[in-house]
Ligand SMILES: [Zn+2]
Ligand SMILES: [Zn+2]
């Protein structure tokens, strides 16, 4: 999933008690300030980002190990996916495909991976291309740093970028009636995992969000 521009909040803003109205805000509209942990030393900190038409400019300065990341340098420290395909070198069967996810591209950039032909069972090297994984483990979309605001529950994992994001999830969690306006299929709320939308998980979700708020870094 590509990181998109953040559309402004839209639609109805009126608050009806007990009722949740999905205002259509995208996840990316919370992506200007993201609580993360440094991937090198583990210290918590903030990725600060700005949407300047038509791209994001983001930076991270670690106060623990003085690591410095800038989006202009194209740095990505998160998960990557290597994939590629080619005809088998032995039987000519199309296609021998490979796809593998790795923790980071920083240290072990790969050019090829061994693939096994489904037809003849022999192995050959397949040239691979790399893409950033943004929908894997909870990570910031600018650099792939692990998120700081992550809570595990027995039903699933809850994560958020910042306080405003947690609060939007809280408003959703406490509401008994949930409605969606118009076409908001890409909104942050509409893309929440199913377990979060189940009424029986409401209390569980509320407690997890409360714990997230208490963990907000300075
Ligand atoms: Zn650090
Ligand atoms: Zn083959």
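At-a-glance table
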{"item": "FRET efficiency, 1/(1 + (r/R0)^6) with R0 25 Å, evaluated for residue 186 and residue 157 via beta carbons", "result": "0.75"}
{"item": "Tilt relative to the chain, helix 202-214 - C-alpha long axis, 0 to 90 degrees, to 10", "result": "90"}
{"item": "Cα-based convex hull, region 67-135, per residue volume (Å³, whole number)", "result": "95"}
{"item": "Inter-label distance for residue 65 and residue 99, nm, one decimal - labels placed 7 Å from Cα along Cα-to-Cβ", "result": "3.2"}
{"item": "Two-site FRET efficiency, residue 52 against residue 199, from Cβ-Cβ distance with R₀ of 45 Å, rounded to 0.05", "result": "0.60"}
{"item": "Least to most buried among 54, 161, 90, 82 (fewest other Cβ within 10 Å first)", "result": "54, 90, 82, 161"}
{"item": "Residue 19 paired with residue 124, simple spin-label distance in nm, labels 7 Å along Cα-to-beta-carbon", "result": "6.3"}
{"item": "Residue 211-residue 110 FRET efficiency (beta carbon distance; Förster radius 41 Å; 0.05 resolution)", "result": "0.60"}
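Rule-based calculations on the coordinates, nothing more; no lab input. This is a predicted model, so every value here is computed, not measured. Here Cβ is always computed from backbone atoms with ideal geometry, including for glycine, and neighbour counts include all displayed protein chains.
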